[in-house]
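What follows is a set of notes on a single structure, which appears directly below.
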Amino acid sequence: MNDWDRDNLNFILNADEAEFEAWMAQSDRSDIDYALELLAQHRTELQVAEMNAKDSELEMDCTQAQAVIARIRQL
């Protein structure tokens with residue numbers, strides 16, 4: 001998403017009811033389709049960010065577990 005798209009997305013996400021209604025009144029179908037595409041891209045970005053956050057939570061320090069396994073192997 002380029003800066004132009006990001007600015008438009010920010011408008012859609014942050015417009016108050018009056019601003020959004022005014023935008024809708026002057027919008028044609030292509031404007032609405034474009035807005036929906038921006039929202040879909042934003043949703044995808046949020047999903048990717050969520051997956052990355054979950055992945056980083058799963059990364060654990062396995063040092064102690066590896067030490068225990070090493071001791072067992074020496075038996």
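Bear in mind that the values in this text are calculations on the coordinates, not laboratory data. Given the structure is predicted, the values throughout are model-derived calculations rather than measurements.
Size descriptors for region 3-74 (Cα atoms only): Rg and Dmax, in that order, 23.2, 76 Å.
For the chain, the longest principal axis of the Cα atoms and the long axis of helix 63-74 meet at an angle of about 30 degrees.
Across region 2-14, rounded Karplus estimates of 3J(HN,Hα) from the backbone phi angles (6.51 cos²θ - 1.76 cosθ + 1.60, θ = phi - 60°) give 7, 4, 4, 4, 4, 4, 5, 4, 4, 4, 4, 6, 10 Hz, Gly and Pro being marked x.
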